[in-house]
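The values are calculated or read from the model by the stated rules, or taken from the named source; none is laboratory data. Keep in mind the model is a prediction, meaning the values are calculated, not measured. Backbone-built Cβ (ideal geometry, glycine too); neighbour counts: all protein chains shown. When the accessible area is computed, the model is the full protein with side chains, heavy atoms only, and any ligands, DNA or RNA have been set aside. Shrake-Rupley method; radii C 1.70, N 1.55, O 1.52, S 1.80 Å.
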Amino acid sequence: LWSIDSSIKSFAIVGNNVFYSTTADSTPLYVLDGGTSVAVTRGGERVLNVPSMRLIGDTLYMICGNNVQTLNPAGRTFNDYEIGKYSVSDIRLGGSAAFSAYGGRLAIADPANRRVSIYNSQTDSYTYLRNLDYVPGAVCAGKDSFLVADNDANMLHIYSYDDFTHSSALSLGCDVLDGAYSFGCFYLLTNNAAGHGAIVEKSETGYAFTTAPLSGSYSQIAADLFGRLYLMSGGA
C-alpha cells in the first residue's frame, strides 16, 4: 500500500513493479520499485502525458502524447518501435487513442481517423477496421471478438476479428470509461450514476448487456488469467 499526491490515470503491473502515470500532465511516468517511485526517462528526459498503457508479453505499450511507444520493463528502456503522426498512414494515430489487449491481440481505437487497428502478435501484423460512421472511444479486446464504444451516441459495437463482421449494436445509454474481458464476457465501467457498470455477453441473437451496480465509481478495470476482476477508483 502506498499513497501519491495525484490520482492515478493509468498503470501496469510487471512482476514486483508497478508502472503508473497520474492525472497531472506535468507529472512523469513512474515505476514503483521496492516502495520507492522512480521517474522513467527517455534520452535523459522524463516521460510525460501517458493516458494509457498495456503489458503484452514482455513489452509495455503506452500512449505518449499522440504516439504509441514501447518500453522494455526489465531495463526500463524505450524500444525504437513507435506509431506516430509521421509514420505510414496505416499505422498512424490521430488524436487521443485508446487500446486494449487480450491474448496475443491488441485493439487500438483511433478516434481522429475513425478506425480501429488490430495487432496480432503471433503473425506480427495489423488489420484495420476503417471508415467507421462513428468516433470510436473505449475499446475492449476479447477472445474471438472485440467491443468498440461510440460514446457520442452511447452505443456498443461488437466485431469479429476474422472478417470484422458486425455482430451486434447495443444502445447502452451512457459512456464507457474502460473495459476488460474474461471467460466470454465484456465487463465495462460506465458513467451511469445508477450502476457504474455493465456486463456484455453472447446471446442467441448476438450479444446482450445487463447493468452491474457497483458500490462506488471506478476509473479502470482489469482481469487476470484466473478471471478475477480488479477495479481502481480515481484516487487510489
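Things to note:
- Residue list for region 162-179, restricted to those being open to solvent by 20 Å² or more (accessible area, probe 1.4 Å) and either within 20 Å of residue 106 (Cα to Cα) or at pLDDT 95 or above (or both): 162, 163, 164, 165, 166, 167, 177
- Count of region 133-152 residues which are closer than 20 Å to residue 206 by Cα and over 16 Å from the mean Cα position of the chain (by Cα): 1
- Of the strands (runs of 3 or more DSSP E) lying entirely inside region 165-236, those carrying at least 3 residues that are within 15 Å of the chain's Cα centre (by Cα) are 176-182, 185-190, 220-223, 229-232.
- Considering 147, 132, the condition of being at pLDDT 90 or above and not in a loop (DSSP other than H, G, I, E, B) is satisfied by 147 alone.
- Complete set of residues in region 92-129 that are of a type outside the set (D, E, K, R), part of a loop (DSSP other than H, G, I, E, B), over 19 Å from residue 184 (Cβ atoms) and touching a residue at least 12 places away in the same chain (Cβ under 8 Å): 93, 94, 95, 96, 97, 111, 112, 113, 121, 122
- Residue within region 180-189 that is hydroxyl-bearing (Ser, Thr, Tyr), closer than 20 Å to residue 57 by Cα and at pLDDT 90 or above present: yes
- Residues within region 213-233 that are of a type outside the set (D, E, K, R) and either modelled with pLDDT of 85 or more or within 25 Å of residue 56 (Cβ to Cβ) (or both), tallied: 13
- Only residues that are open to solvent by 40 Å² or more (accessible area, probe 1.4 Å) and either in contact with a strand residue (DSSP E or B) (Cβ under 7 Å, 6 or more places away or on another chain) or not hydroxyl-bearing (Ser, Thr, Tyr) (or both) were counted across region 198-218, and they come to 11.
- Residue that is surrounded by the fewest Cβ atoms within 10 Å (Cβ to Cβ) [pool: residues in region 99-124 that are touching a Ser or Thr at 6+ places or on another chain (Cβ under 6 Å) and either at pLDDT 90 or above or under 20 Å from residue 157 (Cβ atoms) (or both)]: 118
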